[in-house]
Amino acid sequence: MVKTFAIISLFAFSIGTASAQTSPMPVRPRATLGAEIGIPAGMFAELFKVGFGGSGKLEIPITSNFYGTATAGFISFYNKNRTEGGSINDNNRSYVPLKIGGKYYLGEFLYTEVEAGAAVGIQKSSGNYFAWAPGLGVAYPITQKSGIDVGVRYEKWSKSGRGLNQVGLRIAYQF
């Protein structure tokens, strides 16, 4: 999965650098607020059905096409083997992902990004993980200062040889 994603990213990067280098909106700091869906993969998929959450992202321009990013969010994954009568904390795992990285606009709308950081567990048994996530997306302008940002990413969280993997979808309002 990671190799396939890397090949697609490299191909998209190659096409994007060969085309005109235009930014989808004026070069300025940007912020997004959005909804997230996490689809567990690998062994994580055996334990959890799906994750729902939200996030905010700040983008600071480094060049006209490359932005530094900082993302903070919240996501809860719902247990497949829910125990009846248990509390909500027995049935899901919630995390606060905190990541920094870079976002490169390949053309007018298409971008690729990579972020790394930590996923901090809320419940006592959730644990904290190192998180990294490559992704692709589209930032489509609505007005001169706002737009819709839709992205997909492969996200891996790891700690002491264990890992939680997911495919994430984010739909956000950019301003």
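The numbers here are math on the coordinates, done by the rules we state, and not lab data. Being a predicted model, the structure only gives us computed values, none of them experimental. When we count neighbours, we look across all protein chains shown, and the Cβ atoms used for this are built from the backbone with ideal geometry, even at glycine.
In this structure, the residue pairs whose Cα-Cα separation is over 26 Å, taken from Lys49/Lys103; Lys99/Lys124; Lys80/Lys124, are Lys49/Lys103.
Within 10 Å, Cβ to Cβ, of Gly121, how many net charges do the neighbouring residues add up to if Lys/Arg are +1 and Asp/Glu are -1? Residues close to Gly121 contribute a combined charge of +3.
Fully extending the segment from Val152 to Asn81, taken as 0.36 nm per residue of separation minus the present Cα-Cα distance, adds 22.8 nm.
If you bin all the Cα-Cα distances of the range 91-152 at 5 Å, starting from zero, the percentages per bin are 4, 16, 18, 18, 14, 13, 9, 6, 2, 0. Computed extension gain for Tyr173 through Val50, at 0.36 nm per residue and net of the alpha carbon distance, reaches 42.0 nm.
As a test of understanding, state the convex hull volume per residue of the range 123-175 from its alpha carbons, in Å³.
Numbers: hull volume 5.0 nm³, N = 53.
Residue-normalised Cα hull volume stands at 95 Å³.
With viscosity set to 0.692 mPa s at 37 °C, what whole-number translational diffusion coefficient in µm²/s follows for the range 47-175 from Stokes-Einstein and a Kirkwood radius over Cα pairs?
On the way: Rh = 15.7 Å.
Translational D for this selection: 209 µm²/s.
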